[in-house]
Amino acid sequence: MTVYPLPAADLKGEGMTSQRARDRLAASLREGGIADPRVIDVIRNTPRHHFIDQALHSRAYENTALPIGHGQTISQPWVVARMTEALLERVDGSRGVPQKVLEIGTGSGYQAVVLAALVPELFTVERIEELLRQARRRFRQLGLTNVRTRHDDGKLGWADEAPFDAIMLTAAGDTIPSRILDQLSPTGVLVAPVGSPSQQTLIRMRGDGQGDFIQEELGPVSFVPLLGGIG
C-alpha cells in the first residue's frame, strides 16, 4: 500500500483535531457496512479537508457530499468507500488489487487519492481544466507518484493506455459509453453510477473473459451527470 505524507496544513496544528474526526468517520463507514479494512484505513488517513474550500473544513469529515465549484461535488465518503471496495472485490468475494486502473472524473482528486493508495497505477481523466489543475497540485503535495492525469473528454476514456484491469466512473450517464467499455480488459471490473438525475443506481460490470459482461446492481446513489467535451 502506498504511504503518503499529510499536507502542510496538518503539520501546522490542524492534524490532531482532523485525525479524531477521521477516526469517527472510519467508525461510521464500518457501521454503514464497509468491510474492507484497507479501504477504511486509507479513508481514515486521507485529509479530506485538503480537497475542499477552507470555508467547508469544519464539514470535511461529515459523511456527505460537498461542493467543489464548477457545478461539481466531492463525493460522500461512504460512496467513495463503497465504490472502491466494489472495485477491489473479486468474483469469489476475496479482496484483490487491480494493477492498472482508470478513473473518469478526477474532480477534487479525493477519490483518486484513495485509489492511488491501493493500486500500483492510476490514470485519471477530468474535463474541467481548473479542477484538474487543483487536483494535480494536491497530488504533488501528497507525494503521489503513481497517478497520471489527463485533461480530456471523459467519455473517450484513455485509449492509448488501455486495457485497464478496472475502471471507475464518478459521474452518471444513462448508459456506460461503449468507448470506455472497450478499454476494459476481458476479465476487468467497472464500477459506475447509471441513470437519470432523479434515479441512479451504482452498478458493477465484470468481464467474463469471452467478450461479455456480468452486471450487478449495488444500490441507489446520486452523482453529477456525465458530460462530454472539455472546459
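Each value in this text was obtained by applying a stated rule to the coordinates, not by laboratory testing. Computed from a predicted structure; not experimentally measured. Counting neighbours? That spans all protein chains shown, and the Cβs are built from the backbone with ideal geometry, glycine included.
What share of the DSSP beta bridges in the range 78-193 is antiparallel, in percent to the nearest 5?
5 percent
For the range 171-231 and the range 84-114, what is the centre-to-centre distance using only Cα atoms, to the nearest Å?
13 Å
FRET efficiency for R24 and L227, Cβ-Cβ distance as r, R0 = 45 Å, nearest 0.05?
0.85
Could you tell me what percent of the DSSP beta bridges with both partners in the chain are antiparallel, to the nearest 5?
Rounded to the nearest five, the antiparallel share is 50 percent.
Taking +1 at the Cβ of each Lys and Arg and -1 at the Cβ of each Asp and Glu, which of T145, G96, L131 sits farthest along the dipole of the range 94-154 towards its positive end, judged by Cα position relative to the Cα centre?
The one lying farthest along the dipole's positive direction is T145.
In whole Hz, with x marking every Gly and Pro, tabulate ³J(HN,Hα) for the range 110-116 from phi via Karplus 6.51 cos²θ - 1.76 cosθ + 1.60, θ = phi - 60°.
Once θ is set to phi - 60°, the couplings for the range 110-116 become 5, 4, 4, 5, 4, 5, 5 Hz.
Hey, if you put +1 on the Cβ of every Lys and Arg and -1 on every Asp and Glu Cβ in the range 65-221, which of F213, G195, L66 ends up farthest toward the positive end of that dipole?
Of the options given, the answer is L66.
Dipole size in debye (nearest 20) for the chain around its Cα centre, Lys and Arg Cβ +1, Asp and Glu Cβ -1?
I would put it at about 780 debye.
For Cα pairs less than 8 Å apart in space and 6+ apart in sequence, what is the mean separation divided by the residue count of the range 65-221, i.e. the relative contact order in percent?
Contact order relative to length: 18 percent.
Mean shadow of the range 101-151, computed from the convex hull of its alpha carbons, in nm²?
In nm², the orientation-averaged hull projection of the range 101-151 is 2.8.
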